[in-house]
Amino acid sequence: QVQVVESGGGLVQAGGSLRLSCAASGSIFSINTMGWYRQAPGKQRELVARIFSGGSTNYADSVKGRFTISRDSPKNTVYLQMNSLKPEDTAVYFCKVAVLSRSYWGQGTQVTVSS
């Protein structure tokens, strides 16, 4: 089994920054992709950013230039640096880890941006 735990959410004013962390542990042989998704109230879960095993990344258009995803492979950890936060970034942020052919989700961490 694989456990995924996020941390780093909180309340911040518009224009502020937060850094999310996600650590995977357990029966991990090879992690393919690590990514961040978010879900706002009444909306579908959407991709925010992901990073592949080779280091390439992709981002949602709404966060390009403001968010940066990075990865510490030996620690099986992924980070999301969020700058210039906007009220519309308010959501529960989930980490997803792909190991071989299976995906594992964390429990989510709340990010609230006040105007």
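The values are calculated or read from the model by the stated rules, or taken from the named source; none is laboratory data. Quick caveat, the model's predicted, so the values are computed rather than measured. Glycine gets a Cβ as well: all are built from the backbone with ideal geometry, and neighbour counts include every protein chain shown. Ligands, DNA and RNA are stripped out before the accessible areas are found, and what is left, the full protein with its side chains, is counted by its heavy atoms. Shrake-Rupley method; radii C 1.70, N 1.55, O 1.52, S 1.80 Å.
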- Note on the structure: Listed by range, strands (runs of 3 or more DSSP E) wholly within the stretch 5-69 having at least 2 residues that are under 20 Å from residue 102 (Cβ atoms) and open to solvent by less than 60 Å² (accessible area, probe 1.4 Å) are 18-26, 31-39, 46-52
- Task: Search the stretch 80-91 for residues being open to solvent by 40 Å² or more (accessible area, probe 1.4 Å) and under 14 Å from the mean Cα position of the chain (by Cα), and hand back the single one that is farthest from residue 27 (Cα to Cα).
- Result: 83
- Would you mind stating whether residue 30 is free of Cβ contacts under 8 Å to residues at least 60 places away in the same chain, out of contact with any strand residue (DSSP E or B) (no Cβ under 6 Å at 6 or more places or on another chain) and among the hydroxyl-bearing types (Ser, Thr, Tyr)? no
- Task: Answer yes if at least one residue in the stretch 71-79 is loosely packed, with under 15 Cβ neighbours inside 10 Å and in a strand (DSSP E or B), and no otherwise.
- Result: yes
- Task: Give the residues of the stretch 50-79 that are among the polar types (S, T, N, Q) and either in contact with a Phe, Trp or Tyr (Cβ under 6 Å, 6 or more places away or on another chain) or within 26 Å of residue 30 (Cβ to Cβ) (or both), sorted by residue number.
- Result: 53, 56, 57, 58, 68, 70, 73, 76, 77
